1. Can you order the peptides 167-176, 63-72 by their average number of other Cβ atoms within 10 Å per residue, highest first?
2. Could you work out [θ]222 nm for the chain from helices alone, using -39500 (n - 2.57) per DSSP H run of at least four and dividing by all its residues? Round to the nearest 500 deg cm²/dmol.
3. Taking a cut-off of 18 Å between Cα atoms, list the aspartates and glutamates near LYS224, but don't count ones fewer than 8 places away on the same chain.
4. Cross-link list LYS112/LYS167; LYS58/LYS258; LYS122/LYS298; LYS71/LYS132: which exceed 21 angstrom alpha carbon to alpha carbon?
5. Please report the antiparallel percentage of the DSSP beta bridges confined to the chain, to the nearest 5.
6. Taking 0.36 nm per intervening residue step and subtracting the Cα-Cα distance, what contour gain separates GLN164 from THR201 on full extension?
7. Using a 1.4 Å probe on the protein chains only, how many percent of the accessible area of the chain belongs to carbon and sulfur?
8. With a 10 Å radius around each residue's Cβ, average the other Cβ atoms per peptide and rank 200-206, 79-85, highest first.
Amino acid sequence: MRKLLLAVAAAAVFALPAANGAQAQIVIKFSHVVANDTPKGKGALKFKELAEKYTNGKVKVEVYPNSTLYKDKEEIEALQLGSVQMLAPSTAKFAPLGVKEFEALDLPWLFKDDKTYDAAMKGPVGQWLFKKLEAKGIIGLAYWDNGFHMTSANRPLINPSDFQGLKIRISGSKIADQYFRELGSIPQIMAFSEVYQALQTGVVDGCENTPSNYLTQKFHEVQKDITVSYHAHLQYAVIVNSKFWNGLPADIRGQLTKAMAEATDYTNSIAAKENTDALEEIKKSGKTTLHYLTPEQKAAWQKAMQPTYKWAKGRVGQEVLDLISKELNVQM
Ligand code: LMR
């Protein structure tokens, strides 16, 4: 009964009748840190379009890209406080929430390709991770793909020893921190919105990211050398404030679920091509040199980063690693 009362009260907060008797419009603030012209940026706009269409305008989605509303850490706090309703952070940024298990997805060369990644997130691993969010007042709605990371600096990064002493910006994951340490570099967590300037002024020497993020944030203009290493995967979890989501009228929630499922298919279907096109544009710009690893060089990187797997047990726990290794049919 108490639960029912709470649900009714929550629904009332979000669907108060307007003065003229019509239902007030429900507003979803969707904040994220990347440009509109990226897989995530386009996905958020697709969700807006579909959500507004399927709810017949009863829901309005306000998309705030490029950290215009909040930066990385602040946006997660804002979601928990209910100042925004929807986010799509990289799963590398979930440790401050107390769910370090997501970082297992950052293990180097974990997913051999996009298909393997996609199957894992649609399977038990993806759902198990979402369950971990519930205790935090957050519901996971979908996983959005953004392909694989490249690495860059103002010198060619070809052999593991090339990383020695470099300050590398990372987005938050201790797994990334660990594999960059194993290469001899000094990782530093920094908000995405601060990376361009930090690279430009030499606060950090290098970074990792996907081609679409390099291009739209112009990182390639302040990094002389990019290695197309594709050493780790970048994925997002689209998340909502549970109180908000559970308080929505059931029909609206159903329409939004449909909009999210379609926006997810759309985003995941464009991610690979968006990144291939972005890489092509970076190449054409002539502002940086792209490097590709030979199989031997790649093997040397893999060997140098391999201890991360053992180290990860203490960080993310055995349970998630077991789930992943079963799903991917790999030994860890
Ligand atoms: C980063 O901070 O490097 C990325 O997670 C940004 C993003 O959302 O793609």
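1. Per-residue Cβ counts within 10 Å, averaged per peptide and sorted highest first, yield 167-176, 63-72.
2. Only helices count here, giving -14500 deg cm²/dmol.
3. Once the sequence-local aspartates and glutamates are set aside, what remains near LYS224 is ASP162, ASP205, GLU208, GLU280, GLU281.
4. LYS112/LYS167; LYS122/LYS298; LYS71/LYS132
5. DSSP beta bridges in the chain are roughly 50 percent antiparallel.
6. 11.3 nm
7. Reported share for carbon and sulfur atoms: 53 percent.
8. 79-85, 200-206
The values are calculated or read from the model by the stated rules, or taken from the named source; none is laboratory data. From a predicted model like this one, the values you see are computed outputs, not experimental measurements. Every residue, glycine among them, receives a Cβ derived from its backbone with ideal geometry; neighbour counts consider all protein chains shown. To get the accessible areas, we keep the full protein, side chains included, count just its heavy atoms, and leave off ligands, DNA and RNA. Shrake-Rupley method; radii C 1.70, N 1.55, O 1.52, S 1.80 Å.
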